[in-house]
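Peer 1: So that we are looking at the same thing, I have put the structure below in structure tokens.
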Amino acid sequence: MSANTPAAAPAKSKKMLLIIIGVVVAVLVIGGGAAAWFISSRSHAAEDEEGGGAPAAHKESPKVAPTFLPMENMVVNLADPGGDRFAQIGITLEVDDAKTAEQVKQYLPSIRSGILMLVSQRTSSELLQREGKEKLANDILREVSRPLGYSVPSERERAKAAAAEQDGDAEERPAARKRAERNPVRRVLFSSFIIQ
């Protein structure tokens, strides 16, 4: 019997090892299946919330990064009494694409001149306020868009359009607003703004 016991021990350890390996494989298969089911159920729930069977990536058109057109810094005397205040302004234009940037570059001398005229009409106290900078950015946008054939509504026109919308009178909306929605010049960004 002593000869039987040592031979039975390696057979039992091999069987035990196979059982442990089988249990580990079964746990991995069940865990993998559960993970796949969980991920699948989450993606189907997201599709149902979006209202269709196609994934959201296929529904949306790919977004194109805008093109930025930096302009040279400008130094302008301000309209303060005494004429001793000036502003140094760096402007970057955000446009739809490189084609629009090239169009803007063709008109850059007249655009710069118009911007200098706009800024020289402002006072330092006006430009030190956020509202003053936002109004200036809108006026610059109008100045940049004009040579390209686009119009941007002034503050007064926007207020009139907002009032017309509240009253429900769509006929009184200015045509400039409709044209401005397709403007390839998206925004005016200030890269520097120093007043001295």
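Peer 1: Output the number of residues of the stretch 139-159 satisfying the condition of being without any contact (Cβ under 8 Å) to a residue 40 or more places away in the chain and in a helix (DSSP H, G or I). Before you say what the answer is, go through the steps one by one.
Peer 2: In the first step, residues of the stretch 139-159 are kept if they are without any contact (Cβ under 8 Å) to a residue 40 or more places away in the chain; the result is 139, 142-143, 146, 149-159.
Then drop every residue that is not in a helix (DSSP H, G or I), which leaves 139, 142-143, 146, 155-159.
Count: 9.
Peer 1: Would you point out which residue out of 59, 63, 99 is at pLDDT 90 or above and open to solvent by 90 Å² or more (accessible area, probe 1.4 Å)? Let's see the steps before the verdict.
Peer 2: Values: 59 fails: at pLDDT 90 or above; 63 fails: at pLDDT 90 or above.
It is 99.
Peer 1: Return the total of residues in the stretch 112-138 being open to solvent by less than 60 Å² (accessible area, probe 1.4 Å), of a type in the set (A, V, I, L, M, F, W, C) and without any contact (Cβ under 8 Å) to a residue 40 or more places away in the chain.
Peer 2: 2
Peer 1: Please go through the stretch 95-111 and give me each residue that is part of a loop (DSSP other than H, G, I, E, B) and touching a residue at least 60 places away in the same chain (Cβ under 8 Å), ordered by number.
Peer 2: If we filter the stretch 95-111 for residues that are part of a loop (DSSP other than H, G, I, E, B), which is where we start, we get 96-97, 107.
96, 97, listed by residue number.
Peer 1: Does the stretch 74-94 include one or more residues that are part of a helix (DSSP H, G or I), closer than 29 Å to residue 145 by Cβ and modelled with pLDDT of 85 or more?
Peer 2: First, the residues of the stretch 74-94 that are part of a helix (DSSP H, G or I): none.
Within the stretch 74-94, none of the residues are part of a helix (DSSP H, G or I), closer than 29 Å to residue 145 by Cβ and modelled with pLDDT of 85 or more.
The values are calculated or read from the model by the stated rules, or taken from the named source; none is laboratory data. A quick note: this is a predicted structure, and the numbers were derived from the prediction, not measured. Here Cβ is always computed from backbone atoms with ideal geometry, including for glycine, and neighbour counts include all displayed protein chains. Note: areas computed on protein heavy atoms with side chains; ligands, DNA, RNA excluded. Shrake-Rupley method; radii C 1.70, N 1.55, O 1.52, S 1.80 Å.
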